[in-house]
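> What follows is a single structure, and I will ask about it in a moment.
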Amino acid sequence: MDLKQFEADNSGSCRLASRIPDVCRTEDCCLGVDEAGRGPVLGPMVYGICFCPVSKKEELKDLKVADSKTLNEAERENLFQKLDEAQSYVGWALQILSPNMISTSMLQRTKYNLNALSHDTAICLIQYALDSGVQLKEVYVDTVGPAEKYEKKLSQLFPGIQVTVRPKADSLFPVVSAASICAKVARDHVVKGWNFAEDLGEIDTDYGSGYPNDPKTKEWLLKYLDPVFGYPQFVRFSWSTAQTLMDSKAAPVHWDDDEEDGEKAAQQQNNRSMLSYFSASAEGDRAQPTHRFFSERRLKSLKSL
């Protein structure tokens, strides 16, 4: 699996894909969707799809694919190799979402939660398969949120395709198991070979599973918490685990204008509050000359709306 494209910039999102088998462009196909790394506070989340002709379902099953969480790393690598060798009828695609992208999406002004991000990523991957000429007739998805609601949403977006959304779909449908393996193998490789953009010296890579309740992970988070700059981009700083540690261990920052007494605090320090620049002038304030930029464009301040 060639990860050079993501490794060149591991702060955003990256898509990797296999060659599209010719048979998938001529025969009715089934497709599975699953992810790896939804819960960890460290590393990326990877969404994967795997697809093959409906007529090849049994052959896919004979590869002994299973839910990636029930397999050890060596077994996952072996099964991914088998899937790659079956490229005459099996195809896959991955979307790698960096920790930085996940956190900035979740903390932006217009909230974009993890469920919405997961749905949109899955939808984009299904659309990618269609745009690549794959003749999709069946789609199987491991649910995120209520299964019925998610199934209805996908069915409306992709009319003419039989959509099945189930909890634990990776243990029910081999094509979802295959997608799960592809996603997990990619995440394992990314985490192992993570290129830290920050100058942290010799990095301790013994960070455990990456899940918030893992003692090794918590120890690593404490070790690499900078009191001013916070965490490296390997950490999902929107996770409550990371936020709690930063609140308790990092240097506090106080923004006066975030609070009701911002005006008073500014006056005490003989400063103007930032908010005062956006409010109408109080009575008795000495008139200020209008800047040429505003007068040339005939722009005036409004006292009221």
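The values are calculated or read from the model by the stated rules, or taken from the named source; none is laboratory data. Just so it is clear, the model here is predicted, and its values are computed rather than measured. We place every Cβ from the backbone using ideal geometry, glycine too, and count neighbours over all the protein chains shown. These accessible areas exclude ligands, DNA and RNA; they are computed on the full protein's heavy atoms, side chains included. Shrake-Rupley method; radii C 1.70, N 1.55, O 1.52, S 1.80 Å.
> Which residue is least open to solvent (accessible area, probe 1.4 Å), if the candidates are limited to region 199-221 and must be assigned to a loop (DSSP other than H, G, I, E, B) and touching a residue at least 24 places away in the same chain (Cβ under 8 Å)? I'd like the intermediate steps shown before the answer.
Our first condition is that a residue be assigned to a loop (DSSP other than H, G, I, E, B); within region 199-221, this holds for 199-214.
Still in the list and also touching a residue at least 24 places away in the same chain (Cβ under 8 Å): 200, 207, 209-212.
Details: Leu200: 58, Tyr207: 19, Ser209: 60, Gly210: 3, Tyr211: 100, Pro212: 35 Å².
Here the answer is Gly210.
> Among the residues of region 71-83, which ones are among the acidic types (Asp, Glu) and exposed (fewer than 13 other Cβ atoms within 10 Å of the Cβ)? Please lay out each step first, then the result.
Within region 71-83, the first condition is being among the acidic types (Asp, Glu), and the residues that meet it are 73, 75, 77.
Of everything in region 71-83, just one residue is among the acidic types (Asp, Glu) and exposed (fewer than 13 other Cβ atoms within 10 Å of the Cβ), namely Glu73.
> Check off (1) buried (at least 21 other Cβ atoms within 10 Å of the Cβ); (2) in contact with a Ser or Thr (Cβ under 9 Å, 6 or more places away or on another chain); (3) outside any loop (DSSP other than H, G, I, E, B) for Glu151 and give me the number that stays unchecked.
It fails just one condition, (1).
> Looking at (1) in contact with a helix residue (DSSP H, G or I) (Cβ under 6 Å, 6 or more places away or on another chain); (2) free of Cβ contacts under 8 Å to residues at least 12 places away in the same chain; (3) within 18 Å of Arg25 (Cβ to Cβ), find the lone condition where Tyr112 falls short.
(3)
For every residue, the table says whether it meets (1) surrounded by 15 or more Cβ atoms within 10 Å (Cβ to Cβ); (2) in a loop (DSSP other than H, G, I, E, B); (3) of a type in the set (A, V, I, L, M, F, W, C).
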{"residue": "Ser155", "(1), (2), (3)": "yes, no, no"}
{"residue": "Asp170", "(1), (2), (3)": "yes, no, no"}
{"residue": "Ser177", "(1), (2), (3)": "yes, no, no"}
{"residue": "Val228", "(1), (2), (3)": "no, yes, yes"}
{"residue": "Phe237", "(1), (2), (3)": "yes, yes, yes"}
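> Enumerate the pairs (first residue in region 145-156 and within 17 Å of Asp34 (Cβ to Cβ) and polar (S, T, N, Q); second residue anywhere and modelled with pLDDT under 95 and open to solvent by less than 40 Å² (accessible area, probe 1.4 Å)) with beta-carbon separation below 6 Å, excluding pairs fewer than 6 apart on the same chain, so at least 6 apart or on different chains.
none
> From (1) touching a strand residue (DSSP E or B) at 6+ places or on another chain (Cβ under 8 Å); (2) under 27 Å from Thr26 (Cβ atoms); (3) of a type in the set (S, T, N, Q), pick out the condition that doesn't hold for Gln81.
Looking at each condition in turn, Gln81 falls short on (1).
> Do you know which residues across region 84-113 are touching a Lys or Arg at 6+ places or on another chain (Cβ under 7 Å) and either in a helix (DSSP H, G or I) or surrounded by fewer than 14 Cβ atoms within 10 Å (Cβ to Cβ) (or both)?
The answer is Gln87, Pro99, Ile102, Ser103.
> State which residue pairs qualify: first residue in contact (Cβ under 8 Å) with a residue 24 or more places away in the chain and inside region 168-180, second residue open to solvent by 10 Å² or more (accessible area, probe 1.4 Å) and assigned to a helix (DSSP H, G or I) in any location, beta carbons under 6 Å apart, and separation of 6 or more residues or different chains.
Pro174/Lys61
> Could you say which residue among Ser68, Ser55 is buried (at least 23 other Cβ atoms within 10 Å of the Cβ) and polar (S, T, N, Q)?
Among Ser68, Ser55, only Ser68 is buried (at least 23 other Cβ atoms within 10 Å of the Cβ) and polar (S, T, N, Q).
> Which of (1) under 30 Å from Gly91 (Cβ atoms); (2) at pLDDT below 95 does Leu222 not meet, given it meets every other one?
(1)
> Condition first: more than 16 Å from Tyr150 (Cβ to Cβ) and either in contact (Cβ under 8 Å) with a residue 40 or more places away in the chain or not in a helix (DSSP H, G or I) (or both). Now tell me which residues in region 115-131 satisfy that.
Tyr128, Ala129
> Another question, if that's okay. Assess whether Ala169 counts as being under 24 Å from Ser105 (Cα atoms) and aliphatic (A, V, I, L, M).
Judged against the criteria, Ala169 is not a match.
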